[in-house]
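**Q** Could you have a look at this structure, given as structure tokens, before my questions?
The values are calculated or read from the model by the stated rules, or taken from the named source; none is laboratory data. Computed from a predicted structure; not experimentally measured. Because the Cβ atoms are built from the backbone with ideal geometry, glycine has one as well, and the counts that use them run over all protein chains shown. We work out accessible area using only protein heavy atoms, side chains counted, and drop any ligands, DNA or RNA first. Shrake-Rupley method; radii C 1.70, N 1.55, O 1.52, S 1.80 Å.
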Amino acid sequence: MGNALRFLSAKLCERSDSGDVTVGVSALAHDLYNFEITNQVPRELCKHVVSSRKAQCKWYKNLAGAWRETKPPPKSAEEASRLVIRTRKRHQKADVEGLLAYYGLPLPHSLVELTTWAPPSEPQGLMFELHTIPVDPRAVADGDTITVYVSVADPRESANVPRLVQVAADEKAKARARRNYGDADELHKLIIDAGYRVIKLQNEEVLAKKYRIQLRGIDAPEREMPFGQEAKEELVKIVQKKCLRVLVFGEDRYGRCVGDVYCNGVFVQELMIKKGLAWHYKAYDRRPELDKWEKEARAKRVGLWSALNPETSWEWRKDRRESR
């Protein structure tokens, strides 16, 4: 079936002799790969669906073909769930939901439908655009703040690298080659203090400029608030190890770039609002589409909207400032 399924089958998923199921994308990949070899579907599946074993075999044949044709193959639970729903859209609801439940994948009602909304080619107020290297999950501070790095090979960055930083990066590489790790560490500290970092990327060291990004137009719950940790985890899930496109419109009082963030064509703010993990920050952003998405999330009572009148993050911060 291809390297993707074979790798997931061998490395990520094991099933016990007792019939216990390892849920998730890897489990589905394992079973699809196994089906192509044996023409057998999991024995336990019949407890979750209503159709016959013969019908289940047809599902797996179609799913295996759809998985093979999907480039790149599904990696997240949501991507796998959407693939199942797309290939099973004419089948009974009980079968679709039962199949998803068997693998612990999101059910149809919990999936967020994203628009094809995209910014104009030259958005009003745009200052500059960034194209980042893959994001380290540890660089996500909370549900609306990310630290990103842009390679100095990027045309916008290359002409602005301080000579001191470039020399330090070259000398650091030489010091490490001589195994003079003390000097290398001192040079690395100098680079970091200047707002840069040497990052290992695909067995190559890349000098990159650091940017702190505040997601424009949203305000996520603080980590100590209800859904604060969930917001951070969701943002990590969206951006980790991905290259981002960031449209920067300004700078806030903390020195962060305020921008719109896109990940594989997905508008990150839209996803965070629709999942009920961020408010539309109307005091600083009046875009009607953000307001519309917030109303949709509120109507569905997802995330922070599971409470009737959740305390906003700006009210929460104000209360704590006044109590000091």
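**Q** Which residues, counting only those in the range 216-238, are within 13 Å of the chain's Cα centre (by Cα) and free of Cβ contacts under 8 Å to residues at least 40 places away in the same chain?
**A** Those that are within 13 Å of the chain's Cα centre (by Cα) and free of Cβ contacts under 8 Å to residues at least 40 places away in the same chain: Glu233, Ile238.
**Q** Suppose we keep only residues that are closer than 15 Å to Ala175 by Cβ and in contact with a Lys or Arg (Cβ under 9 Å, 6 or more places away or on another chain) within the range 187-206. Which one would you say is modelled with the lowest pLDDT?
**A** Of the range 187-206, the ones closer than 15 Å to Ala175 by Cβ are 187-191, 198, 205.
Next, from what is left, pick out any that are in contact with a Lys or Arg (Cβ under 9 Å, 6 or more places away or on another chain): 187-188, 190-191, 198, 205.
Numbers: Leu187: 94, His188: 93, Leu190: 95, Ile191: 95, Val198: 94, Glu205: 90.
Taking the candidates together, the pick is Glu205.
**Q** Taking the range 260-283 only, how many residues are in a loop (DSSP other than H, G, I, E, B), open to solvent by 10 Å² or more (accessible area, probe 1.4 Å), closer than 19 Å to Gln229 by Cβ and among the aliphatic types (A, V, I, L, M)? Steps first, please.
**A** Filtering the range 260-283 down to residues in a loop (DSSP other than H, G, I, E, B) leaves 264-265, 275-278, 281-283.
Pick out the ones that are also open to solvent by 10 Å² or more (accessible area, probe 1.4 Å) and you get 264-265, 275, 277, 281-283.
Now drop any that are not closer than 19 Å to Gln229 by Cβ, which leaves 275, 277.
If we keep only those that are among the aliphatic types (A, V, I, L, M) too, we end up with 277.
Number of matching residues: 1.
**Q** So which residues in the range 32-64 are over 22 Å from Arg90 (Cα atoms) and either out of contact with any helix residue (DSSP H, G or I) (no Cβ under 6 Å at 6 or more places or on another chain) or of a type in the set (Asp, Glu) (or both), if there are any at all?
**A** Asn34, Glu36, Ile37, Thr38, Asn39, Gln40, Arg43, Glu44, listed by residue number.
**Q** Sort out which residues of the range 26-61 are open to solvent by 90 Å² or more (accessible area, probe 1.4 Å) and in a helix (DSSP H, G or I), and write them in order of number. So that I can check it myself, show each step before the final result.
**A** Of all residues in the range 26-61, those open to solvent by 90 Å² or more (accessible area, probe 1.4 Å) come to 37, 39-40, 43, 47, 50, 53-54, 58, 61.
Those that are open to solvent by 90 Å² or more (accessible area, probe 1.4 Å) and in a helix (DSSP H, G or I): Ile37, Arg43, Lys47, Arg53, Lys54, Lys58, Lys61.
**Q** Further question on the same structure: Anything in the range 92-105 that is surrounded by fewer than 17 Cβ atoms within 10 Å (Cβ to Cβ) and of a type outside the set (Gly, Ala, Ser)? List them, or say none. Explain how you work it out, then say what you get.
**A** From the range 92-105, those surrounded by fewer than 17 Cβ atoms within 10 Å (Cβ to Cβ) are 92-94, 101, 104; that's our starting set.
Answer for the range 92-105, where residues must be surrounded by fewer than 17 Cβ atoms within 10 Å (Cβ to Cβ) and of a type outside the set (Gly, Ala, Ser): Gln92, Lys93.
**Q** Evaluate the following for Asp185: is it of a type in the set (Asp, Glu), surrounded by 12 or more Cβ atoms within 10 Å (Cβ to Cβ), without any contact (Cβ under 8 Å) to a residue 40 or more places away in the chain and within 25 Å of Leu215 (Cβ to Cβ)? Talk me through it step by step, then tell me what you get.
**A** Values: of a type in the set (Asp, Glu): yes; surrounded by 12 or more Cβ atoms within 10 Å (Cβ to Cβ): yes; without any contact (Cβ under 8 Å) to a residue 40 or more places away in the chain: yes; within 25 Å of Leu215 (Cβ to Cβ): no.
Against the criterion (of a type in the set (Asp, Glu), surrounded by 12 or more Cβ atoms within 10 Å (Cβ to Cβ), without any contact (Cβ under 8 Å) to a residue 40 or more places away in the chain and within 25 Å of Leu215 (Cβ to Cβ)), Asp185 does not qualify.
**Q** Something else now. Restricting attention to the range 85-109, and to residues there that are within 23 Å of Glu270 (Cβ to Cβ) and free of Cβ contacts under 8 Å to residues at least 60 places away in the same chain, which single residue is nearest to the chain's Cα centre (by Cα)? Steps first, please.
**A** The initial filter retains those residues of the range 85-109 that are within 23 Å of Glu270 (Cβ to Cβ), namely 85-86, 105-109.
Now restrict to residues that are free of Cβ contacts under 8 Å to residues at least 60 places away in the same chain: 85-86, 106-109.
Values: Ile85: 21, Arg86: 22, Pro106: 16, Leu107: 19, Pro108: 19, His109: 20 Å.
Among those residues, the one meeting the criterion is Pro106.
**Q** Follow-up question, since we're still on this one. Looking for something modelled with pLDDT of 95 or more, open to solvent by less than 20 Å² (accessible area, probe 1.4 Å) and over 21 Å from Glu122 (Cα atoms) - is there at least one such residue anywhere in the range 229-237?
**A** Yes, there is a match, as at least one residue in the range 229-237 is modelled with pLDDT of 95 or more, open to solvent by less than 20 Å² (accessible area, probe 1.4 Å) and over 21 Å from Glu122 (Cα atoms).
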